[in-house]
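The values are calculated or read from the model by the stated rules, or taken from the named source; none is laboratory data. As the structure is a prediction and not an experimental result, all values here were calculated from the model. Positions of Cβ are generated from backbone atoms using ideal geometry, with glycine treated the same way; all protein chains shown enter the neighbour counts. Keep in mind that these areas ignore ligands, DNA and RNA; they rest on the heavy atoms of the full protein, side chains included. Shrake-Rupley method; radii C 1.70, N 1.55, O 1.52, S 1.80 Å.
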Amino acid sequence: MDVIESMENVETFGIFAVNHEGTVYVVTEVLSASKANDLTILKLETHGEKLKALTLAETELVGEDVYMMEHPFCNAFLTDKGVVSIKFEGSKKIPRISITTEFGTGASGEPVVNDSGQVVVLVSSTRALYTSNSKQKGDLQLTLNVVIPVSQLNKYVKQKI
């Protein structure tokens, strides 16, 4: 899901979260959104069910093993293992990371965890790099799987609490 820019012009109808057992939770409210950080905090309807939050790691480490589960293109759940491969500055000098774990359309905002089950990054986007920057793109050389580091998420959550 692309970042939700503001609560006033977003209809939450049709936005939902699904857990590992397939239980669907409807989004009832956008609590906070940051386009620059590509982060959104949502309120879910749980019908009184107490959900257990994933623990956030303090930071992310280059070379650290990471794992994710996704549901690409409405197919069965897929799990993948990779590593934190590089830290870099994205647009507006905001820290970003690339991981070797593959992800597809619909994975935005999805947590990626370490060996301890702590969230270390959140899925953001993919970026294709070609041999040429001209209008003729040249040959595809590399695809970066761009994610938001937990250090950014920790800062954002602390500002909003």
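Per-residue 3J(HN,Hα) values for the range 118-124, derived from phi via the Karplus relation 6.51 cos²θ - 1.76 cosθ + 1.60 with θ = phi - 60°, read 8, 5, 10, 8, 10, 4, 10 Hz in sequence order (x marks Gly and Pro). Stretched out straight at 0.36 nm per residue, the stretch from Asp139 to Glu89 would grow longer than its current Cα-Cα span by 15.6 nm. Taking the average, over residues, of other Cβ atoms within 10 Å as the packing measure, peptides 47-55, 109-117 rank 109-117, 47-55 from highest down. Counting only residues 5 or more places away or on other chains, whose amide H sits under 5 Å from the amide H of Ser32 once H atoms are built in the peptide plane? For Ser32, whose amide H was placed from the backbone, the distant partners under 5 Å are Ile41. Extension gain for Thr55-Asn19 works out to 11.4 nm (0.36 nm per residue, less the C-alpha to C-alpha distance). Bridging of Lys158 to lysines at a Cα separation below 18 Å is possible for Lys35, Lys43, once same-chain residues fewer than 8 apart are set aside. In the full protein context, the range 76-125 carries 50 Å² of accessible surface per residue, based on a 1.4 Å probe and ignoring ligands, DNA and RNA.
The stretch between Ser32 and Thr105 holds 24.0 nm of extra length on full extension. This uses 0.36 nm per residue minus the Cα-Cα distance.
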